[in-house]
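Step one of this worksheet: look at the structure below.
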Amino acid sequence: MRWSLFCRVVDNFGDAGFCLRLARELRARGESVELFIDDPRPLAWMQPGDLRILPWPGEDEEPALGEVVIEAFGCELPPGVQIACARQAPLWINLEYLSAEGYVERCHGLPSPVMSGPARGCVKRFFYPGFSAATGGLLREAGLEAAWKAHSSAAWWREMGLPPLPGERQVSLFAYPHAPIPALLAALADAPTRLLVSPGLVLPAAPPNVRVCALPWLSQSAFDRLLWSCDLNLVRGEDSFVRAQWAGKPFLWHIYPQHDRAHLAKLDAFLALQGTSPAAWHAWNNPVTTDLQLASFFEPATRAKALAWRERLLSGPELVNTLLTWAAKQGGPTS
């Protein structure tokens with residue numbers, strides 16, 4: 001089938017990162033894919049390869065659409081594209097954000113009638129990523145497991161020109177600017193640690209024992225290998241949250257904040273599913289935290305738990321397989 005993916009980059013990179021991985025994997029499995037995006041600049045360092053990247057359509061532009069249209073993460077399609085959906089009748093999928101909350105299983109696959117606007121009378125379908133067989137699963141490219149097993153952290157550090165010091169812990173940091181960075185630095189000062197910081201954060205002076213290394217923007221492949229090579233990963237948003245889980249290493253999630261604090265319910269649902277104590281996770285997601293306890297994240301038991309969680313996820317559904325099977329079964333027009 002031919003797939004038309006639509007993505008808006010609001011104020012971060014997770015939407016673009018996820019859509020790029022999805023488009024690339026659909027293409028790797030023999031599908032025809034085009035990615036419409038309103039800000040293609042992040043794709044330059046994420047490395048899209050030879051994917052077909054198209055500009056966001058104008059308000060009145062009616063593009064020729066594929067058999068499947070994916071409206072990613074609630075990005076509203078321009079009026080012209082909505083008219084095209086009404087006229088061309090593709091399978092119209094509203095691909096939502098990942099969550100472990102109970103509504104995901106209830107809503108996955110349900111119809112969403114369009115009640116107003118140029119596409120009135122059409123029907124979208126909800127597609128939810130998730131952690132159970134009753135959801136769309138997690139995005140995992142076909143070659144990920146083989147690459148993860150073949151990875152050598154020592155070789156990768158050498159390749160990147162970033163050899164660690166003997167006995168030094170390696171911690172990656174990709175967080176929003178409001179993260180409690182002083183508390184993090186204080187927590188890491190109990191042992192020699194190198195903190196590898198993604199672009200976008202300005203850190204205060206680090207205490208003794210903490211060596212800060214500013215990273216450039218990394219391709220998605222290099223970012224994955226960074227996570228595979230560290231002892232602890234601090235990640236944010238959605239795309240890096242999933243990649244941290246595939247890394248099989250201890251991690252902390254800096255969840256995207258919502259004004260009504262709904263993000264904390266989303267965080268707690270994931271922690272309950274994983275069976276993890278919320279203390280450090282809540283502290284990391286509190287901008288005024290002054291005491292962040294991280295010692296347990298470097299213990300063998302925590303590393304073993306991260307690997308066990310990864311194995312559990314490997315036995316669950318994979319998003320692209322689920323999406324391909326599900327789309328083939330839907331068929332038919334949207335109206």
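The values are calculated or read from the model by the stated rules, or taken from the named source; none is laboratory data. Note that this is a predicted model, so its numbers are computed, not measured. Here the Cβ positions follow ideal geometry from the backbone for every residue, glycine too, while neighbour counts run over all protein chains shown. Accessible surface areas use protein heavy atoms only, side chains included; no ligands, DNA or RNA. Shrake-Rupley method; radii C 1.70, N 1.55, O 1.52, S 1.80 Å.
Miscellaneous remarks
- Listed by position, the strands (runs of 3 or more DSSP E) enclosed by the range 56-145 that each have at least 1 residues that are more than 17 Å from L5 (Cβ to Cβ) are 111-113, 123-127.
- Strands (runs of 3 or more DSSP E) wholly inside the range 166-260 that include at least 3 residues being buried (at least 20 other Cβ atoms within 10 Å of the Cβ) and not small (G, A, S): 169-173, 193-197, 232-236, 251-254
- Within the range 309-329, tally of residues that are of a type in the set (V, I, T) and surrounded by 14 or more Cβ atoms within 10 Å (Cβ to Cβ): 2
- The condition of being closer than 24 Å to C19 by Cβ, without any contact (Cβ under 8 Å) to a residue 60 or more places away in the chain and among the basic types (K, R) holds for only one of R194, R243, that being R243.
- Note on the range 128-146: residues that are aliphatic (A, V, I, L, M) and open to solvent by less than 30 Å² (accessible area, probe 1.4 Å) amount to 3.
- Among residues of the range 282-335, those that are closer than 29 Å to G121 by Cα and in a loop (DSSP other than H, G, I, E, B), counted: 5
- Pairs where the first residue, in the range 59-84, is within 20 Å of M115 (Cα to Cα) and of a type in the set (A, V, I, L, M) and the second is in a loop (DSSP other than H, G, I, E, B) and open to solvent by 20 Å² or more (accessible area, probe 1.4 Å), C-beta under 6 Å, 6+ apart: I83/E62; I83/P118; A84/E62
- The range 150-165, residues that are surrounded by fewer than 12 Cβ atoms within 10 Å (Cβ to Cβ) and either touching a residue at least 60 places away in the same chain (Cβ under 8 Å) or not in a helix (DSSP H, G or I) (or both): G161, P163, L165
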